[in-house]
Amino acid sequence: MKKIIRIVLLCLLGILVIGTFVYLWKKAQPKELVYEIVQPSVQTISKKTVATGKIEPRNEVEIKPQISGIISEIYKDPGDGVKEGDVIALIKVIPEMTTLNSAESRVNVAKIDYEQADTDFRRAEKLFDAKVLSKEEFEKTSVTYFKAKEELQNATDNLEIVRDGIAKRSGEFSNTKIRSTISGTILDIPIKVGNSVILANNFNDGTTIATVADMSDMIFRGNVDESEVGRIHAGMPIVLSIGALQDMTFDARLEYVSPKGTEENGAVTFEIKAAARIPDSVIIRSGYSANAEIILSQRNNVLTVPEGCVEMVADSAFVYSLDSAASKGDKQVFSRIPVTVGLSDGINIEITGGISPEMKLRGMLKEAM
């Protein structure tokens, strides 16, 4: 019995050893590689660069007051359309006491001078009519009278402007009425009723009453890396993709490339501007982020293959053509063919010579046998 058990164990050990050698032998055999087979195709191929930026109006104007005071009325809201000259807000003037006192004093002095000049003029007029006063003396008295009258009117107007912000004889030309300087859409009104505002001067930009822009004329403003800026120029076509409007693209034309770069995070970029053609049916808001695809070069109706089919060796390029006669079953046999290549878009590459459209080429590795 023990002898039988020993024989069985030896047989099992022998089978295990033989199986191990068979397994290792199979693993050592070269695997048959199966590749996808592709054919050259005729298509348009282009090389592009992408610039990131935003959409904004070409003309965006900040409306500033020409007089200091307090906002008493606001007649418009953000998003409203305005025409040039439309009143956006009204300012109530808070006069400075020293200036007000000076203006009142000037009026009082002007009244005294006017009353005296009026008395002299009436006296001279009677003497002139009685032929007692010469014409020359009468004309001098008349000039003095009219000067005093005009000075009183100017002093009164100045007092009204200091006190009320407008002179009565100025009519509609009031500094207290803040008007739009362009036709467009109000983007923002950063002030509220009761806010104090100051006029623009040499030491201060002044308070912004509203921001108005012409939304019918939009531009793309973005940045291009220094490695690409040498290949772009004004007049090139651009395709815009706006993040807020998915599945929609818009045509644009490059108008400006900055002559000076800006360094940011170690990279130098150049500002570009492009005129966007936005249909009237599409609502665009200022500040939308957008990407601009700039076509650097393009080839139409050329023979192309997937870039993975081309093997680059130094300055030479090769493809592998399927040898149908030598290939049997899953065994694929390829012959190496030199080719000349042209433009590449990163996916497909132009083939300018070396192959024909009917050839079958080795593509990407499909599976291992």
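Here are some notes:
- Put simply, of A155, A148, A103, A124 the only residue that is touching a Ser or Thr at 6+ places or on another chain (Cβ under 7 Å) and of a type outside the set (F, W, Y) is A124.
- Scanning the range 244-252 turns up no residue that is of a type in the set (F, W, Y) and modelled with pLDDT under 85.
- For the range 111-134, the set of residues classified as open to solvent by less than 60 Å² (accessible area, probe 1.4 Å), in contact with a Lys or Arg (Cβ under 9 Å, 6 or more places away or on another chain) and in a helix (DSSP H, G or I) consists of Y114, A117, D118, A124, listed by residue number.
- Test result for K76, touching an Asp or Glu at 6+ places or on another chain (Cβ under 8 Å) and either within 30 Å of M218 (Cβ to Cβ) or at pLDDT 85 or above (or both): yes
- Only one of the numbered conditions (1) modelled with pLDDT of 85 or more; (2) more than 27 Å from T98 (Cβ to Cβ) is not met by E172, and that is (1).
- Within the range 46-69, residues that are closer than 30 Å to T269 by Cα have Cβ atoms under 9 Å from residues that are in a loop (DSSP other than H, G, I, E, B) and of a type in the set (F, W, Y) in these pairs: K54/Y288; I55/Y288; E56/Y288, counting only partners at least 6 apart in sequence or on another chain.
- Single condition T156 does not satisfy, out of (1) assigned to a loop (DSSP other than H, G, I, E, B); (2) modelled with pLDDT of 75 or more; (3) crowded, with 17+ Cβ neighbours inside 10 Å: (1)
- Of all residues in the range 135-153 being closer than 19 Å to I112 by Cβ and among the aromatic types (F, W, Y), the one that is most open to solvent (accessible area, probe 1.4 Å): F146
- Residue match in the range 357-365 (condition: aliphatic (A, V, I, L, M), touching a Lys or Arg at 6+ places or on another chain (Cβ under 8 Å) and either closer than 30 Å to I186 by Cβ or open to solvent by 70 Å² or more (accessible area, probe 1.4 Å) (or both)): no
- Residue in the range 310-318 that is in contact with a Lys or Arg (Cβ under 7 Å, 6 or more places away or on another chain) and modelled with pLDDT under 90 present: yes
- In the set (1) assigned to a loop (DSSP other than H, G, I, E, B); (2) over 22 Å from S46 (Cα atoms); (3) in contact (Cβ under 8 Å) with a residue 24 or more places away in the chain; (4) not hydrophobic (A, V, I, L, M, F, W, C), G346 fails one condition alone, (2).
The values are calculated or read from the model by the stated rules, or taken from the named source; none is laboratory data. Since the model is a prediction, treat every value here as computed from it, not as a measurement. When we count neighbours, we look across all protein chains shown, and the Cβ atoms used for this are built from the backbone with ideal geometry, even at glycine. We work out accessible area using only protein heavy atoms, side chains counted, and drop any ligands, DNA or RNA first. Shrake-Rupley method; radii C 1.70, N 1.55, O 1.52, S 1.80 Å.
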